[in-house]
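The values are calculated or read from the model by the stated rules, or taken from the named source; none is laboratory data. Here the structure is a predicted model, which means the values were calculated and not measured. Positions of Cβ are backbone-derived with ideal geometry, glycine not excepted, and every protein chain shown enters the neighbour counts.
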Amino acid sequence: MNGNLVAIIIILVLLLILAGVIYGAYVKIRNKVRNLSNVMFGTDSLVKGFQNLETEEAITPKSVSSATNLYLPAIMKDFPEFHYDEMKTRVENVLTSYLRSIDAQNSSLLTEGTNELEEELEMRIQMLQNQEQWEHFENIKIHRTEINQYRKTKGRRSVVLQSAVEYINYVEKDGKILRGRKDLQKQTKYNVEVSYIQDQEMVENLGDAGLGLNCPNCGAPLPGVGAKKCAYCDTPVVEFNLRIWNFTKVEETK
């Protein structure tokens, strides 16, 4: 009997020692986690730290890749009547209307763009409808827009402008949210491409009639970039450049 009691006491002592070791290890790990959390987030709680990080990311606009100072002089050399501030406004209007079109599942809300861009938008809306889903873009705010690229290809000039965008974005079906959040803003970036056709006969894809470069009076082709008048009827085309820039692509980027 005494032997059993001794054995029980020994087992209890070992369990207490084991519990002490486990608790000591827990305290040591907890202190390390707290120290790490303090270094990373300035708070003892990792959970709170990640929550603070998520909130900070939700309210901090993305940095755009600005090359405006690099490319704008070259654009102005090719197109003296290019109005940069007006183009930025157009870009932001197109981007906002593109997102609102998806939200409303109505492509006619797009303010301007080529047939190609309209078709891409309609396909995205159709895909959502086929899946009986709704993608929402709410509280849209554009923080900054800058020139990101200026490309010269066969018969075409393209300017890509990048915008830092904030919105609430989520996808729902039957009242259930599949992706995104309704209670947290998302910060992201979009590239919007606007193109100008230098010589319609040199463009590989001629299906996009919205990019044609023609005289506004007689309809004759104007092969030169920045042409001041029509070679056939002498109609001035000053400031015609800006009016024929058209939007070819809208895409979210990292």
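Some notes on this structure:
- Any hit, region 195-206, residues being modelled with pLDDT of 75 or more and surrounded by 15 or more Cβ atoms within 10 Å (Cβ to Cβ): yes
- Scanning region 63-77 for residues that are closer than 15 Å to M87 by Cα and either hydrophobic (A, V, I, L, M, F, W, C) or touching a Gly at 6+ places or on another chain (Cβ under 9 Å) (or both) yields L72, I75, M76.
- In region 8-21, the residues that are among the hydroxyl-bearing types (S, T, Y) and surrounded by 10 or more Cβ atoms within 10 Å (Cβ to Cβ) form no Cβ pair under 9 Å with any partner that is modelled with pLDDT under 85 and not in a helix (DSSP H, G or I), whether six or more places apart or across chains.
- Looking only at region 232-243, and only at residues there that are surrounded by 13 or more Cβ atoms within 10 Å (Cβ to Cβ) and at pLDDT 75 or above, the one that is farthest from the chain's Cα centre (by Cα): Y232
- For region 16-47, a residue qualifies if it is modelled with pLDDT of 70 or more and closer than 30 Å to I140 by Cα, but none of them does.
- Scanning region 84-112 for residues that are surrounded by 15 or more Cβ atoms within 10 Å (Cβ to Cβ) and of a type in the set (D, E, K, R), we see that the one that is farthest from the chain's Cα centre (by Cα) is E112.
- Yes/no for E81 being surrounded by fewer than 18 Cβ atoms within 10 Å (Cβ to Cβ), under 20 Å from V194 (Cβ atoms) and touching a residue at least 12 places away in the same chain (Cβ under 8 Å): yes
- Residue tally, condition farther than 27 Å from N246 by Cα and free of Cβ contacts under 8 Å to residues at least 12 places away in the same chain, over region 152-179: 4
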